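Report on the structure given below.
The values are calculated or read from the model by the stated rules, or taken from the named source; none is laboratory data. Note that the coordinates shown come from a computational prediction; the quantities given were computed from them, not determined experimentally. Cβ sites come from the backbone with ideal geometry, for glycine too, and all protein chains shown count toward neighbours. When the accessible area is computed, the model is the full protein with side chains, heavy atoms only, and any ligands, DNA or RNA have been set aside. Shrake-Rupley method; radii C 1.70, N 1.55, O 1.52, S 1.80 Å.
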Amino acid sequence: MNIDGETRILGIIGYPIRHTKSPLIHNLIAKRQGQNLIYVPFEVESDAALAVQGAYALGITGMNVTVPYKTTVMESLAGVEELAGRIGAVNTLVRTEAGFQGYNTDISGLERELSSEGILLAGRHVLLLGAGGAARAAAFLCAKERAASVILLNRTLQKAEAIAQDVRAYLEETEAAEETEVRAMPFDSYPELAKERYIVFQCTQLGLYPRVEEAVIEDSAFYEMAEVGIDLIYNPRVTKFMRLVEENGGRAYNGLKMLLYQAVRAYELWTKTTVSDEIVDEVYERLLIG
Ligand code: NAP
């Protein structure tokens with residue numbers, strides 16, 4: 001890598017940040033595209049607003065934002081893309097003359113993963129396990145794609161209810177409230193679910209390395225209803241949730257492609273280029289190595 005006076009800087013802010021795969025992805029894309037860019041992690045312990053201000057002053061071209069700043073960082077931006085504003089979270093900041101503009105490429109990353117696996121949400125019944133930032137993005141995607149129903153199950157019911165309310169408001173404004181039923185329930189009431197063939201998104205941290213033997217629901221009766229299970233976790237590659245889905249006859253996917261595609265979209269927004277399928281495939285192969 002040649003760093004010279006023309007090198008532009010990209011980066012990610014979050015805390016903790018040392019586990020991040022984003023530098024690997026972006027630096028490989030930049031190398032393959034022959035662009036004079038470098039992507040670095042910035043561990044920001046507390047003051048994200050100051051970090052964004054400093055990044056802008058330093059001329060940084062674009063940033064990713066991860067836990068715990070995806071929502072709080074929004075008040076430091078010049079503007080926020082419409083759907084990201086509705087979701088209430090951004091993960092990508094693009095430099096503009098007025099300041100950084102916020103986007104949510106988690107939602108487009110998940111959308112592209114589903115499309116690459118041939119999974120259609122339109123008219124389907126969907127269960128979301130969890131009600132954090134990732135579940136919020138998944139819930140809005142289900143609404144955007146006009147799923148027949150979206151049921152959020154979470155340990156803290158109020159958080160699931162808050163997302164359900166925001167998604168219903170979005171559906172009402174887009175005049176699609178009749179098409180998608182959205183509601184929240186606690187984890188332990190899953191036996192009350194109608195016996196459908198569901199698409200299930202696992203959006204909690206349970207099962208993430210090193211706690212690989214955990215899943216938020218362990219009962220086979222639940223997984224018998226899962227035609228497709230998508231775990232947003234990608235470390236380990238096969239989570240306990242995924243094993244339970246497969247053991248009960250469903251198809252299971254991890255979140256690695258979502259990670260890859262959200263990064264590709266962010267890179268395209270920063271550089272106003274298109275990353276070819278060939279480069280995307282190469283980066284995916286590299287991610288599989290670990
Ligand atoms: P978050 O905002 O912190 O939300 C975490 C969720 O997990 C909450 O619903 C929380 O429940 C639940 N939870 C945590 N510990 C639990 C426990 N012991 N029992 C039951 N529920 C528990 O996190 P996030 O940003 O949504 O991320 C969630 C997962 O998605 C993470 O594993 C993250 O790595 C993954 N993710 C992947 C991608 C990707 O590109 N593949 C992108 C974003 C996120 P409460 O509400 O009750 O606290």
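A few remarks follow.
- The chain, accessible area per residue, ligands and nucleic acids excluded (1.4 Å, Å²): 47
- Loop-located GluC sites (Glu not before Pro) in segment 9-93 whose Cβ has at most 11 other Cβ within 10 Å (DSSP): Glu45
- Taking 0.36 nm per residue of separation and subtracting the Cα-Cα distance, full extension of the segment from Glu268 to Arg243 would add 5.6 nm.
- Convex hull of Cα atoms in segment 108-254, direction-averaged projection (nm²): 7.8
- Rounded percent of accessible protein surface that carbon and sulfur make up, the chain, 1.4 Å probe: 49
- Per principal axis, descending, Cα span of segment 76-125 in whole Å: 40, 19, 12
- Fully extended contour minus Cα-Cα distance, from Glu172 to Thr96, at 0.36 nm per residue: 24.2 nm
- Sorting Asp166, Asp106 on solvent-accessible area from highest to lowest, probe radius 1.4 Å, gives Asp166, Asp106.
- Debye, to nearest 20: dipole size of the chain, +1 on Lys, Arg Cβ, -1 on Asp, Glu Cβ: 560
- Estimated vicinal HN-Hα couplings, Hz - segment 122-136 in sequence order (Karplus 6.51, -1.76, 1.60; Gly, Pro = x): 4, x, 9, 8, 10, 10, 10, 9, x, 8, x, x, 5, 5, 4
- Residues in segment 213-218 carry Karplus couplings, in order, of 9, 10, 8, 5, 10, 10 Hz; the curve used is 6.51 cos²θ - 1.76 cosθ + 1.60 with θ = phi - 60°, and Gly or Pro positions show x.
- Only lysine pairs 8 or more places apart, or on different chains, with alpha-carbon atoms under 23 angstrom apart are counted in the chain, and they number 16.
- When the convex hull of its Cα atoms is viewed from all sides, the chain shows a mean projected area of 15.2 nm².
- Cut-off 17 Å, label 7 Å out along Cα→Cβ of Ala78, residues of segment 251-274 by amide N: 269-272
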